[in-house]
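The values are calculated or read from the model by the stated rules, or taken from the named source; none is laboratory data. Given the structure is predicted, the values throughout are model-derived calculations rather than measurements. All Cβ positions, even for glycine, are placed from backbone atoms using ideal geometry, and neighbour counts span all protein chains on display.
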């Protein structure tokens, strides 16, 4: 019997290899992908079971790969294109959503927030060190009672002698327990104020605590915590001068959502490859189950999704590089890619049978991670409404 190509070759052929990518883009993807397979994946299942985040030495290695602030220009940032950034996120989430989440928050939320809305002094102070992985950032928008409706946040900033006094709490904040700097979004003025501003709060500031959230069964490769602010006094120049209103944090979220959608391609591909290899090697009724029609139908659907998701991400990436991508493009991309990746993970888990619920194999870990990814940075339903508003002109939320 003629030997079959390995699973990676199969999916690469369907993705048309590097035909749509520049030499630089292909190099970025291959470099990060190689690091993920060589450094991150060994022991990932054991760390997941133990609830251990990835080793901190990986932060320096990630910085050397150029994945922090990949598409930002100046301040020692790599200054690559949007597609290169997306391909890096795809490769990272092939490893784990928690790994990609850490990099997304560092790059698209914390660094981009300073880059887009900060003063020149703030950019010079923070961005080079964040690019080098010397400073870790986080992004405090979501609150215990306000997630999908961030405009109702209750964290307050009061102007006082010597700076700003912050009071409030943030919840489900990636990297907050280990972050050196947090962008905290708060309302200024009276109780009915809708003027939302961004503030840079450094670790160690009196009145700031960042407790770790325990017991989560998803995104266990990254630290998730709270930000609790109790009469936290920060300097006057800690405010982001160009950030006014809800559009500022949403502008950061739009950057992160784009990278998330690319990451979902990596998670789906990892699950597909695991299922393909397993079904080719698992004999039942005298033959590998990959030779059965029902199994091949599932594999065909999974492979088709991976290719479609990559092409949609590439399309939006090119629009982004040309300055033509809108929030509606990004919502369609995040909505489609994450929901589809979760379905691929669930299908792969089924194809692996009882083995599919163990961390010896990839699907269950990605499936649990994607249950978070489909919720954060705008739930699947919120992106449906954003897209619906773009299509109809009516806001349904």
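Filtered by the rule that a residue be in contact (Cβ under 8 Å) with a residue 60 or more places away in the chain and under 23 Å from the mean Cα position of the chain (by Cα), segment 153-177 gives 169, 172, 174, 175.
Is segment 320-342 home to any residue that is assigned to a helix (DSSP H, G or I) and either on the phi > 0 side of the Ramachandran plot or out of contact with any helix residue (DSSP H, G or I) (no Cβ under 7 Å at 6 or more places or on another chain) (or both)? Working first, answer last.
Filtering segment 320-342 down to residues assigned to a helix (DSSP H, G or I) leaves 320-321, 327-342.
Of the ones still in play, those that are also either on the phi > 0 side of the Ramachandran plot or out of contact with any helix residue (DSSP H, G or I) (no Cβ under 7 Å at 6 or more places or on another chain) (or both) are none.
Checked segment 320-342: no residue is assigned to a helix (DSSP H, G or I) and either on the phi > 0 side of the Ramachandran plot or out of contact with any helix residue (DSSP H, G or I) (no Cβ under 7 Å at 6 or more places or on another chain) (or both).
For segment 44-62, does any single residue satisfy the condition of being within 27 Å of residue 274 (Cβ to Cβ), touching a residue at least 40 places away in the same chain (Cβ under 8 Å) and touching a strand residue (DSSP E or B) at 6+ places or on another chain (Cβ under 7 Å)? Scanning segment 44-62, I find no residue that is within 27 Å of residue 274 (Cβ to Cβ), touching a residue at least 40 places away in the same chain (Cβ under 8 Å) and touching a strand residue (DSSP E or B) at 6+ places or on another chain (Cβ under 7 Å), so the answer is no. Selection of segment 207-221 for residues being surrounded by 13 or more Cβ atoms within 10 Å (Cβ to Cβ) and part of a loop (DSSP other than H, G, I, E, B) yields 207, 210, 213, 216, 218, 219, 220, 221. Of the residues making up segment 222-250, those that are under 23 Å from residue 372 (Cα atoms) and either outside any loop (DSSP other than H, G, I, E, B) or free of Cβ contacts under 8 Å to residues at least 12 places away in the same chain (or both) are 224, 225, 226, 227, 228, 249, 250. For segment 278-298, give me each residue that is surrounded by fewer than 21 Cβ atoms within 10 Å (Cβ to Cβ) and part of a helix (DSSP H, G or I). The answer is 280, 281, 289, 290, 291, 293, 294, 295, 296, 297, 298. Whenever a residue of segment 3-26 is farther than 18 Å from residue 303 by Cβ, its partners that are modelled with pLDDT of 55 or more and part of a loop (DSSP other than H, G, I, E, B), lying with C-beta atoms within less than 6 angstrom and at least six residues away or across chains, give the pairs 26/18.
Each residue in segment 52-96 was checked for being in contact with a helix residue (DSSP H, G or I) (Cβ under 8 Å, 6 or more places away or on another chain), within 17 Å of residue 31 (Cβ to Cβ) and part of a helix (DSSP H, G or I), and 18 pass.
Quick check: anything in segment 267-277 in a helix (DSSP H, G or I), under 12 Å from the mean Cα position of the chain (by Cα) and surrounded by 18 or more Cβ atoms within 10 Å (Cβ to Cβ)? Don't jump to the end; show me each part of the working.
Kept after step one, since they are in a helix (DSSP H, G or I), are these residues of segment 267-277: 267-277.
Filter once more, keeping what is under 12 Å from the mean Cα position of the chain (by Cα): 267.
Cutting the leftovers down to surrounded by 18 or more Cβ atoms within 10 Å (Cβ to Cβ) gives us 267.
Within segment 267-277, one or more residues are in a helix (DSSP H, G or I), under 12 Å from the mean Cα position of the chain (by Cα) and surrounded by 18 or more Cβ atoms within 10 Å (Cβ to Cβ).
Reported count of residues in segment 227-249, each being out of contact with any strand residue (DSSP E or B) (no Cβ under 8 Å at 6 or more places or on another chain) and more than 11 Å from residue 118 (Cα to Cα), is 1.
Filtering segment 229-255 to residues that are in contact with a helix residue (DSSP H, G or I) (Cβ under 6 Å, 6 or more places away or on another chain) and farther than 18 Å from residue 143 by Cβ leaves 240, 242, 254, 255.
Going by what's in this entry, would residue 204 be described as at pLDDT 95 or above, outside the structural domain of residue 57 (by TED's automatic domain parsing), more than 18 Å from the chain's Cα centre (by Cα) and assigned to a loop (DSSP other than H, G, I, E, B)? Judged against the criteria, residue 204 is a match.
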